[in-house]
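To keep things clear, I will list the structure first and then write my remarks on it.
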Amino acid sequence: MTRKDEPCGCTRRSFLKGSGLTLTGFSLASLFPEAFIRHALAMPTTSDSRLLFIFLRGGNDGINAVIPHGDAQYNTTTRGPIYIPPSSAINLNGYASFNSGLADMMPAFNAGDLAVVHRAGFLGNSRSHFDDQRVWENGAPSQPALLNGWLARYVIEHGLQMEPNLLPVLSVQPNQPVILRGDAQFVNIADPATFNFSLAGIPEPSRSKILGVWQSQYAQLAGLEPYGPILSQTAVKLASFVNVFESWDHANWDPKDPDNPTWSLFPVSTATNPDDPLGPGGKKFAAESYDFFRNLKVCALAMLESNPLSNSNATRVAGTELSGWDLHSRQPVRHKELLSWLAYGFRSLRIVLSGQAIDPRSYTSIWNKTAVVTLSEFGRTSAVNGSTGTDHGEASCLWMQGGNVNGGVYNCDANTWPSNNTMFASGDRWVPVATDFRAIFWEILRDHMGADPAQLESIFPGYTAANLGSQELGLINTV
């Protein structure tokens, strides 16, 4: 493997910028890894499973992503200029179709590795981006203002954050997502290009002297004498983590598409993936997409570098986001473009995580250990608006792929989506919820990530009282 070993010439300020932190927002809680300030009484992890999430921020139009062509109410009258005829879509089960922008998801679907779940959400959503994003991330619909994530609660309950893990959880997006906020604090990389304050390549004794400076600085902070030893240890751990991150050399990791060796699986510039109508699917990756693919690449790399379980890095949860789904106007072209980026990312993840990429590093396959899943705060209205777009709705769709995922279409067939009774149920303008998102994600945590059933109410409070277990779909192969 190629690795950098040049000294870093950056500053602590550039590191803070790259991590999404500012000096004014720097608190003890955000600085210290959880293991140094609170040794949680949690079982040490024995799970070798991984979860990678992608939040589609803005509210994805599930109706034009996974199209219910079997519903007579999906027609040119209700959808107007955004209507997609069956001939322009990809048939899935004779009732539901994929938007053609999702073509790159078809290999995983045909292999039985992709679950397509329609009508996911929660009852009583406010159709406010801020409130409903928080609910999807905090797992508590009755507390839309709660800034404590269900995935953070799982990590703490399951003990993933305990020593010796340097990096059990990684978020790569502009801001720390609510889903990973809580009693523990996890690393968020706002910009991988500037998250590089490192001691890699600095020889001894200089390296030890620099570490000593960190230790003495934190140990002597006025008014914080009781925390001196903790701060000193944290300084070493922080430097060690950033060294690990730099050792991945993400900027020079460029796995190629086995079907087209000139194409990068994670396009980050016109040099890696120029606009080419003759390229895979006639792809056109606008510069706007590069940050998404760069962030997704770092998430994948963290998980690949964490193999085997004994690795002291041991990243088991990672996530990023893709924004821009709030399409109140001019939806058709833009929606298909966003879906094509998501689908290409899904395909790229499947290739690299299964060891099929053209890659000199030759990572071992972790496909059977990994689940990749999307979230989005709500769907869109069933009827088109006057600006060739859609407005805030209720249920939407999500996708999950992995080696032990029970693939197929859920909640979108003649039995679960009866024609003339779903798109405008009870006279509303949106598709109602069939499966609470908490039922979906509890299945993933329990059956894929090994969560103890006793942790259920701590992670998703009120799950049992709401009888959400009856909505579970069997998305994970537990055999």
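The values are calculated or read from the model by the stated rules, or taken from the named source; none is laboratory data. Predicted model, so just to flag it, every value in this text is computed and none were measured. Ideal geometry is used to build each Cβ from the backbone, glycine not excepted, and the neighbour counts take in all protein chains shown. Heads up: the accessible areas ignore ligands, DNA and RNA and are worked out on the full protein's heavy atoms, side chains in. Shrake-Rupley method; radii C 1.70, N 1.55, O 1.52, S 1.80 Å.
Listing for the model above:
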{"quantity": "Residues satisfying the stated conditions in segment 447-476, i.e. within 24 Å of the chain's Cα centre (by Cα), closer than 29 Å to Ile63 by Cβ and assigned to a loop (DSSP other than H, G, I, E, B)", "calculated": "Phe460, Tyr463, Glu472, Leu473, Gly474, Leu475"}
{"quantity": "Some residue of segment 437-451 being buried (at least 20 other Cβ atoms within 10 Å of the Cβ), under 21 Å from Gln331 (Cα atoms), touching a strand residue (DSSP E or B) at 6+ places or on another chain (Cβ under 8 Å) and of a type outside the set (A, V, I, L, M, F, W, C)", "calculated": "no"}
{"quantity": "Any hit, segment 413-420, residues being outside any loop (DSSP other than H, G, I, E, B) and either at pLDDT below 95 or of a type in the set (S, T, N, Q) (or both)", "calculated": "no"}
{"quantity": "Any hit, segment 437-446, residues being in contact (Cβ under 8 Å) with a residue 24 or more places away in the chain and not in a helix (DSSP H, G or I)", "calculated": "no"}
{"quantity": "Matching residues in segment 99-145 - criterion: being aliphatic (A, V, I, L, M) and either open to solvent by less than 10 Å² (accessible area, probe 1.4 Å) or under 20 Å from Ser458 (Cα atoms) (or both)", "calculated": "Leu102, Met105, Ala108, Leu114, Ala115, Val116, Val117, Ala120, Val135, Ala140, Ala145"}
{"quantity": "Matching entry among Pro432, Pro453 (being of a type outside the set (A, V, I, L, M) and in contact with an Asp or Glu (Cβ under 7 Å, 6 or more places away or on another chain))", "calculated": "Pro432"}
{"quantity": "Subset of segment 172-212 [modelled with pLDDT under 90, open to solvent by 40 Å² or more (accessible area, probe 1.4 Å) and farther than 15 Å from Glu246 by Cα]", "calculated": "Asp183, Gln185, Pro203, Glu204, Pro205, Ser206, Arg207, Ser208, Lys209, Ile210"}
{"quantity": "Total residues in segment 145-171, condition at pLDDT 95 or above and more than 21 Å from Trp442 (Cα to Cα)", "calculated": "0"}
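Results for (1) open to solvent by less than 10 Å² (accessible area, probe 1.4 Å); (2) at pLDDT 95 or above, shown as yes or no for each residue.
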{"residue": "Gly379", "(1), (2)": "yes, yes"}
{"residue": "Leu398", "(1), (2)": "yes, yes"}
{"residue": "Gly407", "(1), (2)": "no, yes"}
{"residue": "Ser426", "(1), (2)": "no, no"}
{"residue": "Val431", "(1), (2)": "yes, yes"}
{"residue": "Glu457", "(1), (2)": "no, yes"}
{"residue": "Leu468", "(1), (2)": "yes, yes"}
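For (1) within 20 Å of Ser340 (Cα to Cα); (2) free of Cβ contacts under 8 Å to residues at least 24 places away in the same chain; (3) among the basic types (Lys, Arg); (4) open to solvent by 10 Å² or more (accessible area, probe 1.4 Å), each residue gets a yes or a no:
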position: Pro68; (1), (2), (3), (4): yes, no, no, no
position: Asp71; (1), (2), (3), (4): no, no, no, no
position: Thr77; (1), (2), (3), (4): no, yes, no, yes
position: Ile90; (1), (2), (3), (4): yes, yes, no, yes
